[in-house]
1. Out of curiosity, is residue A:112 at pLDDT below 90, polar (S, T, N, Q) and exposed (fewer than 12 other Cβ atoms within 10 Å of the Cβ)?
2. Just checking: which of the helices (runs of 4 or more DSSP H) contained wholly in chain B hold 1 or more residues that are surrounded by fewer than 16 Cβ atoms within 10 Å (Cβ to Cβ), without any contact (Cβ under 8 Å) to a residue 40 or more places away in the chain and small (Gly, Ala, Ser)?
3. Of (1) surrounded by 13 or more Cβ atoms within 10 Å (Cβ to Cβ); (2) on the phi > 0 side of the Ramachandran plot, residue A:76 satisfies all except one. Which?
4. Yes or no: residue A:59 within 12 Å of chain B (Cβ to nearest Cβ) and without any contact (Cβ under 8 Å) to a residue 40 or more places away in the chain?
5. Taking residue B:103 as meeting all but one of (1) of a type outside the set (D, E, K, R); (2) within 15 Å of the chain's Cα centre (by Cα); (3) within 11 Å of another protein chain (Cβ to nearest Cβ), write down the number of the exception.
6. Do we have residue A:88 as more than 9 Å from every other protein chain (Cβ to nearest Cβ) and either buried (at least 19 other Cβ atoms within 10 Å of the Cβ) or free of Cβ contacts under 8 Å to residues at least 40 places away in the same chain (or both) here?
Amino acid sequence: MAWSYVLFAAIVEIFWVIGLRYSNSIVEWLGTIIMIICSFYFIIKACEKLPSGTVYAVFTGAGAAGIVIVDASFFGAALSIKQLLFVGLIIVGVIGIKLTSDNETSEKHVHTYKGAE
Amino acid sequence: MAWIYLIIASFGEIFGVIGINYYLQRKTFQRLLFVILPFGVGFVFLSMAMQEIPLGTAYAIWTGLGAAGAVLMGMIFFKESTSWKRIFFLLCIITGAVGLKILH
């Protein structure tokens, strides 16, 4: 569940970055602010279970990659090879950190259990 | 001066992430302010820095310094893992994010 919170935070970030760019009425600005609050709520929820450094880096990376992809698919921005490489690097990093931190979490649990005995 | 604003903005992110840990230890409204204020002040300084430094450059440096700083603080103050695998994959993510924002 904690990883889903990171994902939600990054998805909501894409919307509020678009909001920051295109809002020009009070309602749109209000919506943008609500989305900023939502994404930080999800970050805090994720930090309850995962290391904050991981959460913040994944949130930043997934958001940056997501915005570039949304720009290319919906706003007609050109996607260069360099951009694709950086998006790929982020994806490798996110998958890697998820796989390795799952191992570490289970080790941490074993540790706590032994400590409790 | 713009570069100093940019560094202050990055520290906003770093202290914001420390604030999250602090808030999670005890969820009070006062502690929530330690999350809101640093991020809020950080954004203000980022926009001030962007008046002189090109948008892409400012955004990239802010992202990189902030995320790397947040990771380091987690390791120093909150006992987060310092395994080389974790550092390697975090570096991939941060490099990717900085790269995208420079290109933007």
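The values are calculated or read from the model by the stated rules, or taken from the named source; none is laboratory data. Everything quoted here is computed from the prediction, not taken from an experiment. Cβ placement follows ideal geometry from the backbone for every residue including glycine, while neighbour counts extend to all protein chains displayed.
1. yes
2. Here the list reads B:29-49.
3. The one condition residue A:76 does not meet is (1).
4. No: the conditions fail for residue A:59.
5. (2)
6. no
Rundown of residues vs (1) farther than 26 Å from residue A:70 by Cβ; (2) of a type in the set (D, E, K, R); (3) more than 7 Å from every other protein chain (Cβ to nearest Cβ), yes/no style:
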residue	(1), (2), (3)
B:43	no, no, yes
B:70	no, no, no
B:76	yes, no, yes
B:84	yes, no, yes
